[in-house]
Amino acid sequence: MERRDVQGHYERLAADYDEHWTYGPHHTTWMSARIAESLHLSSADRIADIGCGTGMFAREVARNINPQHAILCVDPSRAMLHQIGTPPPAGLTPIVASAEDIATGSTQLPYEQLDAIWLKESVHHVAEPATTLQGLTGRLAPGGRLLVIMLPTTIEYPLFQAARARFTELQPNPERIVDHLRAAGMQPQLRYIDYELRLDREKYIDMVRARYMSVLSTFSDSEIETGIAEMRAAHTEPVLTFPDRFAFVLGVKPNPVTTWAL
């Protein structure tokens with residue numbers, strides 16, 4: 001098995017990331033709405049999207065809530081952040097940093113405290129999630145909310161079998177994230193949300209060839225092509241229909257004044 005070069009993976013994918021990763025505009029709109037409602041976002045909140053990639057979800061959230069304070073789009077990849085735009089759209093502030101940088105305070109933020117943080121499908125890139133989530137909790141104001149959105153350990157994507165197996169091997173368990181948030185002093189809750197995907201088979205195969213999921217970066221070119229051949233044999237239908245299931249792990253920092261309804 002090839003080792004994952006996560007930084008290099010996203011640097012190579014950045015220019016075409018939105019094309020290869022997104023499942024369509026409706027999916028982005030749907031996910032952004034789920035983020036905003038889960039975090040109870042308001043225009044007055046100081047917000048950070050950590051591991052934001054190209055900022056596709058932060059952009060949509062900003063459009064919906066019209067933030068008084070720019071949403072911080074945090075990502076270690078300059079190439080990914082460059083896709084946000086120069087200058088960035090109103091309501092977004094790109095910051096080159098990792099989740100660990102924010103957690104430890106080694107990267108200075110324009111806000112002394114944050115009211116809401118989300119990490120969408122990026123926690124599996126964190127080497128020590130317990131320590132990092134504890135540090136991120138420390139950046140929150142009382143009553144602040146931290147949302148981790150991640151896939152479960154098993155997925156029903158029409159990938160080749162080796163890719164699904166390796167995903168299960170590498171993906172952290174959402175229950176462990178709940179434990180980490182509780183240990184950090186948060187009040188955590190876990191729920192699952194499904195979204196049905198319908199994708200042209202050839203488009204999805206192109207996404208796999210482009211290694212749209214980081215787990216695919218662990219396979220060589222020849223392994224990817226062998227896997228695509230397996231996918232073509234298993235899925236002859238022109239349109240692939242499959243569930244995209246997400247674990248939403250929400251943690252709320254205790255506030256002696258305000259109690260958030262989970």
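Against the longest principal axis of the chain, how steep is helix 129-138, in degrees 0 to 90 to the nearest 10, with axes from Cα atoms?
30
Fewest to most neighbouring Cβ within 10 Å: what's the order for 60, 156, 223?
Details: 60 19, 156 12, 223 16.
The fewest-first ordering by Cβ neighbours comes to 156, 223, 60.
What length, rounded to one decimal in nm, is gained on full extension from residue 106 through to residue 233, with 0.36 nm per residue of separation minus their alpha-carbon distance? Walk me through the numbers on the way to the answer.
On the way: separation 127, 0.36 × 127 = 45.72 nm, distance 4.95 nm.
Here the segment from residue 106 to residue 233 would lengthen by 40.8 nm.
Looking only at the chain, where both bridge partners belong to it, what percent of the DSSP beta bridges are antiparallel (to the nearest 5)?
Values: 20 of 37 bridges.
Of all bridge pairs located within the chain, approximately 55 percent are antiparallel.
With a point put 7 Å past each Cα toward its Cβ, work out how far residue 183 is from residue 195 in nm, to one decimal.
Here the modelled spin labels are 3.0 nm apart.
Starting from the Cα-Cα distance between residue 130 and residue 63, subtract it from 0.36 nm times their residue separation and give me the gain in nm to one decimal. Show your work: numbers first, answer last.
Details: separation 67, 0.36 × 67 = 24.12 nm, distance 3.22 nm.
Result: 20.9 nm gained on full extension.
Return the calculated 222 nm mean residue ellipticity for the chain, to the nearest 500 deg cm²/dmol, obtained by summing -39500 (n - 2.57) across DSSP H runs with n ≥ 4 and dividing by the residue count.
Details: 11 runs with 101 residues, N = 262.
Per the formula, -11000 deg cm²/dmol.
Charges only on Cβ, +1 for Lys and Arg, -1 for Asp and Glu: so what's the dipole of region 110-262 about the Cα centre, in debye to the nearest 20? It would help to have the intermediate numbers written out before the result.
Values: 16 positive and 19 negative charges, 90 e Å.
So the magnitude is around 440 debye.
Is region 116-156 rounded, prolate or oblate when judged by the Cα gyration tensor, a ≥ b ≥ c being the square roots of its eigenvalues, rounded requiring a/c under 1.5 and prolate requiring a/b larger than b/c?
Numbers: a/c = 3.31, a/b = 1.73, b/c = 1.91.
Oblate shape, in that a/c is at least 1.5 and b/c is the bigger or equal ratio.
Could you tell me the relative contact order of the chain? Use alpha-carbon pairs under 8 Å, at least six residues apart, and round to a whole percent. Don't skip to the answer; put the middle values down first.
Working: 473 pairs, mean separation 56.3, N = 262.
That works out to 21 percent.
Please give the charge dipole size of region 81-199, origin at the Cα centre, charges +1 on K and R Cβ atoms and -1 on D and E Cβ atoms. Round to the nearest 20 debye. All intermediate terms of the calculation are to be shown ahead of the outcome.
Details: 9 positive and 12 negative charges, 27 e Å.
In total the dipole reaches around 140 debye.
Suppose we look only past 20 Å in the calculated P(r) of region 161-262. What percent of the Cα-Cα pairs does that tail hold? The partial results should precede the final answer.
Values: 2839 of 5151 pairs.
Value for region 161-262 (Cα pairs over 20 Å): 55 percent.
Give me the number: length gained by fully extending residue 42 to residue 113, i.e. 0.36 nm times residue separation minus the C-alpha to C-alpha distance, one decimal in nm.
Numbers: separation 71, 0.36 × 71 = 25.56 nm, distance 1.56 nm.
So the chain would gain 24.0 nm between residue 42 and residue 113.
At a Förster distance of 35 Å, what's the computed FRET efficiency of residue 153 paired with residue 86, Cβ-Cβ distance as r, to 0.05? Let's see the in-between values first.
Working: r = 38 Å, r/R0 = 1.10.
About 0.35, to the nearest 0.05.
Could I get the Rg over Rh figure for the chain? Both from C-alpha atoms, Rh via Kirkwood, rounded to two places. Each step should come with its number before you reach the end.
On the way: Rg = 18.2 Å, Rh = 19.0 Å.
That ratio equals 0.96.
Might you report the magnitude of the Cβ-based charge dipole of the chain about its Cα centre, with Lys and Arg at +1 and Asp and Glu at -1, to the nearest 20 debye?
Numbers: 24 positive and 32 negative charges, 113 e Å.
Its charge dipole is roughly 540 debye.
Any read-out appearing in this document is the output of simple, stated calculations on the displayed coordinates, not a laboratory observation. Nothing here was measured: the structure is a model prediction, and the numbers come from that model. FYI the Cβ positions are ideal-geometry reconstructions off the backbone, even for glycines, and counts take in every protein chain you see.
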